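Here the structure is laid out as structure tokens; the discussion comes afterwards.
What follows is calculated from the coordinates using simple rules that are stated; it is not laboratory data. Bear in mind that the values here come from a model prediction, so they are computed numbers and not experimental data. Heads up, the Cβs are rebuilt from the backbone with ideal geometry, glycines too, and the neighbour counts pull from every protein chain shown.
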Amino acid sequence: MFNMKQIEERCHCNVIHKETILKVSEKMLSEEKLYNLAEFFSVFGDSTRIRILWALSESEMCVCDIAILLNITQSAISHQLRVLKQAKLVKYRKSGKIVFYSLCDEHIKQIFDQWLHHISE
């Protein structure tokens with residue numbers, strides 16, 4: 001629970017909205033969930049990963065095709081795909097010797113589409 005005296009001592013405004021603080025504190029996510037959310041969003045902080053995600057939102061692709069499309073080395077693409085796999089944003093399937101990558105699920109495309117909509121406003 002919050003110590004209102006501490007809050008009042010730190011806040012430089014004239015009004016403390018105790019009801020709001022209590023309402024939000026009851027719904028506040030755990031530190032672990034907030035950390036996991038921050039880690040998830042940090043994956044989106046790299047333009048190469050964003051470019052890969054955009055490409056995969058359009059079509060399933062292999063590393064060679066992504067590398068050519070983005071004009072980046074296959075090793076760099078592979079490294080970024082590992083990060084995206086660890087974050088559970090992309091999945092893969094093998095077809096003979098070829099490995100095809102795609103978005104993990106429709107949620108990832110929805111997040112991507114929402115961001116694009118937001119920055120286009």
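Under a model in which nothing but the beta-carbon of Lys, Arg (+1) and Asp, Glu (-1) is charged, region 37-120 shows a dipole of about 360 debye around its Cα centre. Dividing the summed helix terms, -39500 (n - 2.57) for each DSSP H run of n ≥ 4, by the number of residues in the chain produces a 222 nm estimate of -19500 deg cm²/dmol to the nearest 500. Measure out, as a whole number of angstrom, how far apart the alpha-carbon centroids of region 79-111 and region 19-49 sit. Cα centroid to Cα centroid, the span is 23 Å. Here's the picture: charge each Lys and Arg Cβ at +1 and each Asp and Glu Cβ at -1 in the chain, and of L34, S47, Q86 the one pushed furthest to the positive end of that dipole is Q86.
I need the semi-axes of the equivalent ellipsoid of the chain: take the C-alpha gyration tensor, multiply each eigenvalue by 5, square-root it, list largest first in whole angstrom.
Details: eigenvalues 360, 44, 34 Å².
So the three semi-axes of the chain are 42, 15, 13 Å.
Contact order, relative form, for region 14-121: 23 percent (alpha carbon pairs under 8 Å, 6 or more residues apart, mean separation divided by residue count). With 24 Å as the limit on Cα-Cα distance, the pairs of K27/K85; K88/K109; K85/K109; K27/K91; K33/K109 that go past it are K27/K85; K27/K91. Between the helical axis of 106-120 and the longest alpha-carbon principal axis of the chain there is an angle of about 70 degrees.
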